[in-house]
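Novice: Before anything else, here's the structure in question.
The values are calculated or read from the model by the stated rules, or taken from the named source; none is laboratory data. Keep in mind that what you see is a predicted model, and the values were worked out from it rather than measured. Cβ placement follows ideal geometry from the backbone for every residue including glycine, while neighbour counts extend to all protein chains displayed. Quick note on the areas: whole protein, heavy atoms, side chains included, nothing else; ligands and nucleic acids left out. Shrake-Rupley method; radii C 1.70, N 1.55, O 1.52, S 1.80 Å.
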Amino acid sequence: MKTKNVFLILLNLFVIHSISFTQEKKAGKIITDYFTWVDAGKIEEVGTLLTEDFIATAPFSPNSMDKMAWKGIGQGFKTAFPDMKHEIIDWFADENKVAVKGIFKGTNLGSMMGNAPTGGKVAVAFNSYFELNGKGKIKMINIQFNMKEFEMQLLANVPDLKIINEKTVRDLFQVMDGGQTNLFSNYCSLDFKISNPFLPAPSPIQAFQSILQAQKAGFPDMKHEIIKIISDTYHVTTFGNFIGTNTGSMMGNQATGNKVKVAFLVLDEMDSHGKIKNRNVQFDSKAFEAQLMAGINPNAQIEKSFLQMFEAADRADTASFISYWSMNAKNYFAGIENSNEDFKNRLLSFKKGFPDVKRTIDEIQINNNKISVRGWLSGTNKGSFMGRPATNNKIKVSWLGLYHLNSNGKIESGWVEFDTATLEKQLMQKTKNN
């Protein structure tokens, strides 16, 4: 009887051990398949091992992740580490719970979470805890590893980003001073935006290039003197002075010959590839204008331009005369709108009828962008005019012009009135006497 009881006990132990061994073997295959497919990048196959209510936790995420998110993490790691391998050192299974100890190995040859590959090799120990659902699927995974050690190994061969970012900014300032706007794309990202007192809103790289082209034209000797640079992984702050001599035309304004030295502050935001994504430029625009225009009558250039335009009219130099007007300018003579051709023909007609035609200016009044001109038109009628033969009469008639300028200093509209009655009288006076 005692022998029979011992036999039954041994039989039960054997059955229990067999069941336990079978469960452990089954759990081992699930875990082995999981890591094999993860390392191979077979993300869809990995998905077949996960329950629909699956959750995972890991040091790189503050929140637990569901099945879809975890598959995305797996794909992301495979992209970042094409040769990745979860090397299993030991594992233990107890019913539906499995503990795994191993080492994650790989080389960062692809982008990871938006960051450029570093080429760094990693070999980081990990502990994983799996919970199975008893039906051949994984219900929960908790993976733990030293995140700081992982990052240190990942970035071990990467140069200091602060140094790289600072060099990028310094090099860009040198390119700017050289007027090499075609090289800006080497330092600026595709979605680059710039904020600047000259711009109404953040603008793309083309606006940046236009500003620098205008500055280089106005200040051929311009120099961005860097006083201090502060940089970190994704930001560079530059303090300095803009120095230059205004010896060239800038934004339609003639050179003043003045020297300027204005402090500036530039805030650059870098992207993950070491290029400038956002640039914010700050300087005292009023101080800049004050230095630029020091000792200069702000209206002197406008007066000079108008006098030059009237001299061109006296010469019947239509091309030069039209150059003072904007392309879509409105021109009215005696209350009638004229086309550009009408405009040119009128100048040529006066020059033909009065070869010595002269516009004398008595007064030019300037009020912001509104200009009024009062003067006299004189000459001798030596040629046919308005279909009539020459009379050899001298004329002198008053005229008035009203003009509006656009932001580039060009005339966008103009109204001219002549004393036509006096003109007619002076032309015909001698004929009657004869």
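Novice: Report, by residue number, each residue of the range 390-413 that is within 38 Å of the chain's Cα centre (by Cα) and in a strand (DSSP E or B).
Specialist: The answer is Tyr403, His404, Leu405, Ile411, Glu412, Ser413.
Novice: So, in the range 367-385, how many residues would count as being on the phi < 0 side of the Ramachandran plot and open to solvent by 40 Å² or more (accessible area, probe 1.4 Å)?
Specialist: Count: 7.
Novice: Another question, then. What number of residues within the range 182-226 satisfy the criterion of being open to solvent by less than 60 Å² (accessible area, probe 1.4 Å), part of a strand (DSSP E or B) and without any contact (Cβ under 8 Å) to a residue 24 or more places away in the chain?
Specialist: Of the residues in the range 182-226, 1 are open to solvent by less than 60 Å² (accessible area, probe 1.4 Å), part of a strand (DSSP E or B) and without any contact (Cβ under 8 Å) to a residue 24 or more places away in the chain.
Novice: Search the range 379-399 for residues that are over 17 Å from Leu347 (Cα atoms) and pair each with any residue that is part of a strand (DSSP E or B) and open to solvent by less than 30 Å² (accessible area, probe 1.4 Å) when their beta-carbon atoms are under 7 Å apart and the residues are at least 6 apart or on different chains.
Specialist: Pairs found: Asn392/Thr380; Lys394/Thr380.
Condition check ((1) of a type in the set (Asp, Glu); (2) at pLDDT 95 or above; (3) closer than 14 Å to Ile276 by Cβ) across all residues:
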| position | (1), (2), (3) |
| --- | --- |
| Phe150 | no, no, no |
| Leu154 | no, no, no |
| Val158 | no, no, no |
| Leu161 | no, no, yes |
| Val169 | no, yes, yes |
| Asp177 | yes, yes, no |
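Novice: Please go through the range 264-307 and give me each residue that is under 30 Å from Thr118 (Cα atoms), open to solvent by less than 60 Å² (accessible area, probe 1.4 Å) and touching a Phe, Trp or Tyr at 6+ places or on another chain (Cβ under 7 Å), ordered by number.
Specialist: Of the range 264-307, the ones under 30 Å from Thr118 (Cα atoms) are 266-280.
Restricting the remaining residues to those that are open to solvent by less than 60 Å² (accessible area, probe 1.4 Å) gives 266, 268, 270-272, 274, 276, 278-280.
Scanning the range 264-307 gives Met270, Ile276.
Novice: Scan the range 164-181 for residues that are among the aliphatic types (A, V, I, L, M) and free of Cβ contacts under 8 Å to residues at least 40 places away in the same chain and jot them down.
Specialist: Val175
Matching residues to (1) open to solvent by 80 Å² or more (accessible area, probe 1.4 Å); (2) closer than 21 Å to Gly274 by Cα; (3) touching a residue at least 60 places away in the same chain (Cβ under 8 Å):
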{"residue": "Phe77", "(1), (2), (3)": "no, no, no"}
{"residue": "Ala80", "(1), (2), (3)": "no, yes, no"}
{"residue": "Glu87", "(1), (2), (3)": "no, no, no"}
{"residue": "Ala93", "(1), (2), (3)": "no, no, yes"}
{"residue": "Lys97", "(1), (2), (3)": "yes, no, no"}
{"residue": "Lys101", "(1), (2), (3)": "yes, no, no"}
{"residue": "Gly110", "(1), (2), (3)": "no, yes, no"}
{"residue": "Ala116", "(1), (2), (3)": "no, yes, yes"}
{"residue": "Gly119", "(1), (2), (3)": "no, yes, no"}
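Novice: Six or more apart or on different chains, Cβ atoms under 9 Å: show the pairs whose first residue is in the range 136-152 and β-branched (Val, Ile, Thr) and whose second is in a helix (DSSP H, G or I).
Specialist: Pairs found: Ile138/Ile30; Ile138/Ile31; Ile138/Tyr34; Ile141/Tyr34; Ile141/Trp70.
Novice: Mind counting the residues in the range 36-68 that are surrounded by fewer than 16 Cβ atoms within 10 Å (Cβ to Cβ) and of a type in the set (A, V, I, L, M)?
Specialist: Count: 2.
Novice: Return the residues of the range 227-263 that are among the β-branched types (Val, Ile, Thr), modelled with pLDDT of 95 or more and surrounded by fewer than 15 Cβ atoms within 10 Å (Cβ to Cβ); say none if nothing qualifies.
Specialist: Passing the criteria: only Ile227.
Novice: Out of all the residues in the range 153-167, which are part of a loop (DSSP other than H, G, I, E, B) and either in contact with a helix residue (DSSP H, G or I) (Cβ under 8 Å, 6 or more places away or on another chain) or within 16 Å of Phe81 (Cβ to Cβ) (or both)? Steps first, answer last, please.
Specialist: First, the residues of the range 153-167 that are part of a loop (DSSP other than H, G, I, E, B): 155-160.
Within the range 153-167, Leu155, Ala156, Asn157, Val158 meet the criteria.
Novice: I've got another one for you. Give me the pairs, please: first residue somewhere in the range 27-45 and on the phi > 0 side of the Ramachandran plot, second residue anywhere and assigned to a helix (DSSP H, G or I), beta-carbon distance under 7 Å, and either six or more positions apart or on two chains.
Specialist: Gly41/Lys78
Novice: Okay, next question. Taking the range 408-428 only, how many residues are more than 16 Å from Asp314 (Cα to Cα), open to solvent by 20 Å² or more (accessible area, probe 1.4 Å) and in contact (Cβ under 8 Å) with a residue 12 or more places away in the chain?
Specialist: Final tally of qualifying residues: 11.
Novice: Now a separate question. Out of (1) assigned to a strand (DSSP E or B); (2) surrounded by 12 or more Cβ atoms within 10 Å (Cβ to Cβ), what's the single condition that is false for Ile73?
Specialist: Here Ile73 clears every test but (1).
Rundown of residues vs (1) touching a Gly at 6+ places or on another chain (Cβ under 7 Å); (2) part of a strand (DSSP E or B); (3) within 30 Å of Ile302 (Cα to Cα); (4) in contact (Cβ under 8 Å) with a residue 12 or more places away in the chain, yes/no style:
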site: Ile229; (1), (2), (3), (4): no, yes, no, yes
site: Ile243; (1), (2), (3), (4): no, yes, yes, yes
site: Thr256; (1), (2), (3), (4): no, no, yes, yes
site: Glu269; (1), (2), (3), (4): no, yes, no, yes
site: Lys277; (1), (2), (3), (4): no, yes, no, yes
